[in-house]
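Worksheet for the structure shown next.
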Amino acid sequence: MNYRIGFGFDTHRLEEWKELWLGGVLVPHSKGAVGHSDADVLIHAICDALLGAAALGDIGTHFPDTSDEFKGIDSKILLQRTCALIRGKGYTIGNIDTTVVLQAPKITPYVSEMVITLRDVMGISQNQLSVKAKTSEKLGFIGREEGLSAYAVAIILESEI
Ligand code: MG
């Protein structure tokens with residue numbers, strides 16, 4: 001079995017009166033993430049990790065933020081398409097580990113819903129996906145609540161034909 005690893009990172013600005021979509025879940029908060037799509041940093045980091053593992057470019061290559069097709073799009077659709085793309089190349093998902101970094105709100109109460117939602121979108125088991133959350137100890141742009149980031153690593157397996 002040929003294992004391949006991929007890494008993904010994403011960051012978005014936070015602004016008042018925007019929705020905060022994270023891991024496919026709408027998290028109630030006074031601020032939300034700004035972006036061309038629904039600005040879901042966790043999903044975007046996962047997409048980049050999967051695409052990176054398959055050496056298939058990045059999320060911007062496949063879903064350009066200059067295209068009207070992806071304006072305001074639900075990032076779960078991008079994740080679904082990413083999974084279809086890597087499966088189409090003969091890969092299966094091993095496991096994915098992620099960390100979201102944001103100062104507020106506390107997202108721990110929403111993590112299990114994120115895992116269930118993303119698991120369903122990707123067609124994987126719950127123990128194949130991990131979502132962790134940290135603050136930046138009030139340091140930098142994340143600490144000032146100006147933005148948030150997410151990191152993801154993914155292992156994919158190349159089917160032997
Ligand atoms: Mg993004």
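The values are calculated or read from the model by the stated rules, or taken from the named source; none is laboratory data. All values derive from a computational prediction rather than experimental measurement. Cβ placement follows ideal geometry from the backbone for every residue including glycine, while neighbour counts extend to all protein chains displayed. Accessible surface is based on the protein model in full, side chains and every heavy atom, while ligands, DNA and RNA are left aside. Shrake-Rupley method; radii C 1.70, N 1.55, O 1.52, S 1.80 Å.
Measure nothing fancy, just the Cα-based angle from helix 108-122's long axis to the longest principal axis of the chain, in degrees from 0 to 90, nearest 10.
Tilt of helix 108-122: around 30 degrees.
Distance in nm between label sites at ASP65 and GLU19, each 7 Å beyond Cα in the beta-carbon direction?
1.9
Between ARG144, ARG81, ARG13, find the one with the highest GNM mean-square fluctuation for the chain; connect C-alpha pairs within less than 10 Å.
Judging by the Gaussian network model, the answer is ARG144.
Over the chain, with the other protein chains present, what is the accessible area per residue in square angstrom, probe 1.4 angstrom?
50
Just to confirm the number: angle between the C-alpha axis of helix 41-53 and the first principal axis of the chain, 0 to 90 degrees, nearest 10?
20
Please give the length that would be gained between ASP74 and SER30 if that part of the chain were fully extended, namely 0.36 nm times their separation in residues minus their C-alpha to C-alpha distance (nm, one decimal).
Residue separation times 0.36 nm, minus the Cα-Cα distance, leaves 13.8 nm.
Counting every Cα pair in the chain, what percent are over 20 Å apart?
Percent of Cα pairs beyond 20 Å in the chain: 46.
Suppose each label sits 7 Å from its Cα in the direction of the beta carbon; what would the ILE116-ASN2 distance come out to in nanometres?
3.8
If you place +1 on the Cβ of every Lys and Arg, -1 on the Cβ of every Asp and Glu, and leave all else neutral, what size is the dipole of the stretch 3-158 about its Cα centre, to the nearest 20 Debye?
For the stretch 3-158, the charge dipole is close to 380 debye.
Which whole-angstrom value gives the distance between the alpha carbon centres of the stretch 101-161 and the stretch 1-25?
The two parts, judged by their Cα centres, are 7 Å apart.
Evaluate the relative contact order of the stretch 1-153 (contact order divided by residue number), counting alpha-carbon pairs under 8 angstrom at least 6 apart; express in whole percent.
31
Calculate the spin-label point distance for LYS132 paired with THR11, positioning each point 7 Å from the Cα along the beta-carbon direction, and give it in nanometres.
2.0
Just list whichever of LYS18/LYS71; LYS106/LYS132; LYS18/LYS132; LYS18/LYS106; LYS71/LYS134 have alpha carbons separated by over 21 Å in the model shown.
Too far apart for the 21 Å limit: LYS18/LYS132; LYS71/LYS134.
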